[in-house]
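See structure below.
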Amino acid sequence: MPIYALFDKVPAIHESAYVHPMATIIGDVTIGAHSTIWPGAVLRGDYGHIAIGEQSSIQDGTVIHATEVLSTTVGNRCTVGHIVHLEGCFISDDSLVGSGAVVLHRVKVESFAVVGANAVVTADTIVPSYAMALGIPAKIYPNRVAPQDLSDAVGLYVANGERYARGLRRID
């Protein structure tokens with residue numbers, strides 16, 4: 001799998017994390033226990049730090065970047081959908097970012113919040129706990145999320161990562 005050091009910046013990937021062979025991890029990136037990084041995901045820690053917590057899922061085609069002054073953090077038990085772009089933002093524990101969403105500089109997505117599919121969350125926005133951010137640009141809808149709405153995806157992706165670690169094999 002393509003995991004690269006960039007000068008003295010070396011990824012730190014927990015031994016229980018699953019990184020698909022077609023994901024790309026570069027530089028100053030930390031990936032926590034039981035997290036999963038899926039095909040086509042790119043975590044490029046060339047300018048700043050990227051931290052992925054424990055039991056979080058970074059799905060297919062997602063791009064995570066940071067700037068020289070803004071790290072990008074995805075907390076514990078988060079689900080980041082397919083083809084998401086995260087840059088210079090903070091995704092708190094137990095939250096979900098839907099497929100195709102864009103989350104930009106200094107955004108904070110609080111715990112038990114949801115960024116809807118294809119939403120664009122512009123710089124400096126706070127998505128409060130239990131709220132949904134929907135649309136372009138995203139509008140905040142308070143008190144729309146129950147904690148149990150998010151828990152099923154976490155266990156599913158942890159189990160799927162374990163399944164892939166045991167059974168994925170290239171056949172060409």
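Looking only at segment 107-116, how many residues end up being in contact with a strand residue (DSSP E or B) (Cβ under 7 Å, 6 or more places away or on another chain) and either aliphatic (A, V, I, L, M) or over 13 Å from Ala133 (Cβ atoms) (or both)?
5
Looking at segment 159-167, is at least one residue in contact with a Lys or Arg (Cβ under 9 Å, 6 or more places away or on another chain), of a type in the set (Gly, Ala, Ser) and surrounded by fewer than 16 Cβ atoms within 10 Å (Cβ to Cβ)?
no
Just the residues that are within 14 Å of Ile83 (Cβ to Cβ) and either within 12 Å of the chain's Cα centre (by Cα) or of a type in the set (S, T, N, Q) (or both), please, taken from segment 38-48.
Trp38, Ala41, Val42
Which residue pairs have Cβ atoms closer than 7 Å, lie 6 or more positions apart in sequence or on different chains, and pair a first residue in segment 92-105 that is under 19 Å from Ala146 (Cα atoms) and in contact (Cβ under 8 Å) with a residue 40 or more places away in the chain with a second residue that is of a type in the set (S, T, N, Q) and surrounded by fewer than 22 Cβ atoms within 10 Å (Cβ to Cβ)?
Hits for this filter: Asp93/Asn76; Asp93/Ser111; Asp94/Ser111; Ser95/Ser111.
Looking for something charged (D, E, K, R), loosely packed, with under 12 Cβ neighbours inside 10 Å and closer than 24 Å to Asp60 by Cβ - is there at least one such residue anywhere in segment 135-151?
There is no residue in segment 135-151 that is charged (D, E, K, R), loosely packed, with under 12 Cβ neighbours inside 10 Å and closer than 24 Å to Asp60 by Cβ.
Of these, Arg170, Arg144, which one is touching a residue at least 40 places away in the same chain (Cβ under 8 Å), over 22 Å from Val29 (Cα atoms) and assigned to a loop (DSSP other than H, G, I, E, B)?
Residue meeting the stated conditions: Arg170.
Which strands (runs of 3 or more DSSP E) does segment 8-106 wholly contain that include 1 or more residues that are polar (S, T, N, Q), under 22 Å from Tyr164 (Cα atoms) and in contact with a strand residue (DSSP E or B) (Cβ under 8 Å, 6 or more places away or on another chain)?
24-31
The numbers here are math on the coordinates, done by the rules we state, and not lab data. Since we're looking at a predicted model, the values are computed, not measured. For neighbour counting, all protein chains shown are included, and Cβ atoms are generated from backbone atoms with ideal geometry for every residue, glycine included.
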